[in-house]
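Have a look at the structure below, then the notes.
The values are calculated or read from the model by the stated rules, or taken from the named source; none is laboratory data. The model shown is predicted, which means the values in this text are computed figures rather than measured ones. Here the Cβ is made from the backbone with ideal geometry for all residues, glycine too, and neighbour counts use every protein chain on show.
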């Protein structure tokens with residue numbers, strides 16, 4: 001079954017309600033330019049609320065490996081999601097956490113970038129190419145995924161909203177592992193719409209058959 005990752009939470013009461021919906025992963029952003037950054041505002045409280053059966057994911061953009069290592073230890077992260085081009089220095093961290101490598105997608109040729117990271121990552125996250133790191137609240141053409149021939153599983157991200165469950169279930173690929181939701185499920189940056197997530201999850205898992 002597809003895994004569900006909810007990313008970009010910043011509010012303790014809100015994350016508590018998200019946890020009650022039982023996502024597989026919760027992503028916290030450690031990137032100061034982001035409106036959803038938790039580096040200096042409550043990351044400890046948020047992480048302590050996440051139970052052990054939900055994976056804690058830290059999202060980083062061009063951060064030094066020492067900083068990421070410190071965050072992993074401080075907040076007991078299970079997974080790190082990296083928007084880094086050079087990942088050679090991050091291999092030392094794979095003994096501590098799984099690594100999701102984010103790949104920005106706008107055309108089929110962008111899938112070729114996965115070849116550079118097949119020995120450096122455990123998962124890929126295919127996000128929409130835009131001005132900023134992350135999906136920029138927009139979808140890429142999911143038909144491109146049919147041309148992915150890699151052996152690593154992937155997560156789909158970028159502009160997914162509560163009405164996309166049926167379209168997601170049309171993606172048929174052996175390596176399709178999960179989905180990442182963020183800005184389209186918000187009432188404001190960092191604050192998730194619980195009813196929207198609840199509706200989306202119900203529709204997503206209705207009669208779905210995917211290996212996960």
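The condition of being touching a residue at least 60 places away in the same chain (Cβ under 8 Å), within 29 Å of residue 195 (Cα to Cα) and in contact with a helix residue (DSSP H, G or I) (Cβ under 6 Å, 6 or more places away or on another chain) holds for only one of 9, 4, 46, that being 9. Might you let me know whether segment 149-159 holds any residue that is out of contact with any strand residue (DSSP E or B) (no Cβ under 6 Å at 6 or more places or on another chain) and closer than 19 Å to residue 1 by Cα? Yes; the residues of segment 149-159 include at least one that is out of contact with any strand residue (DSSP E or B) (no Cβ under 6 Å at 6 or more places or on another chain) and closer than 19 Å to residue 1 by Cα.
Is it true that some residue in segment 131-139 is modelled with pLDDT of 95 or more and closer than 29 Å to residue 11 by Cα? The answer is no; no qualifying residue exists. Quick check on segment 174-190. Is at least one of its residues in a loop (DSSP other than H, G, I, E, B), closer than 16 Å to residue 21 by Cβ and modelled with pLDDT of 95 or more? Taking every residue of segment 174-190 in turn, at least one turns out to be in a loop (DSSP other than H, G, I, E, B), closer than 16 Å to residue 21 by Cβ and modelled with pLDDT of 95 or more. Just so you know, in segment 133-159 the residues that are touching a residue at least 40 places away in the same chain (Cβ under 8 Å) and either over 15 Å from residue 185 (Cβ atoms) or touching a helix residue (DSSP H, G or I) at 6+ places or on another chain (Cβ under 8 Å) (or both) include one that is surrounded by the most Cβ atoms within 10 Å (Cβ to Cβ), and it is 135. Answer yes if at least one residue in segment 192-209 is under 16 Å from the mean Cα position of the chain (by Cα), in a loop (DSSP other than H, G, I, E, B), closer than 27 Å to residue 18 by Cα and at pLDDT 95 or above, and no otherwise. No. A single entry from 69, 89 fulfils the requirement of being in contact (Cβ under 8 Å) with a residue 24 or more places away in the chain, in a helix (DSSP H, G or I), out of contact with any strand residue (DSSP E or B) (no Cβ under 9 Å at 6 or more places or on another chain) and surrounded by 14 or more Cβ atoms within 10 Å (Cβ to Cβ): 69. Is it the case that segment 135-144 has a residue that's over 12 Å from the mean Cα position of the chain (by Cα), outside any helix (DSSP H, G or I) and within 14 Å of residue 7 (Cα to Cα)? Yes, segment 135-144 contains at least one residue that is over 12 Å from the mean Cα position of the chain (by Cα), outside any helix (DSSP H, G or I) and within 14 Å of residue 7 (Cα to Cα). Consider segment 16-41 and keep the residues that are assigned to a helix (DSSP H, G or I) and free of Cβ contacts under 8 Å to residues at least 60 places away in the same chain. The one that is nearest to the chain's Cα centre (by Cα) is 19. Being at pLDDT below 95, touching a helix residue (DSSP H, G or I) at 6+ places or on another chain (Cβ under 6 Å) and surrounded by fewer than 19 Cβ atoms within 10 Å (Cβ to Cβ), is that true of even one residue in segment 104-125? No, there is no match, as no residue in segment 104-125 is at pLDDT below 95, touching a helix residue (DSSP H, G or I) at 6+ places or on another chain (Cβ under 6 Å) and surrounded by fewer than 19 Cβ atoms within 10 Å (Cβ to Cβ).
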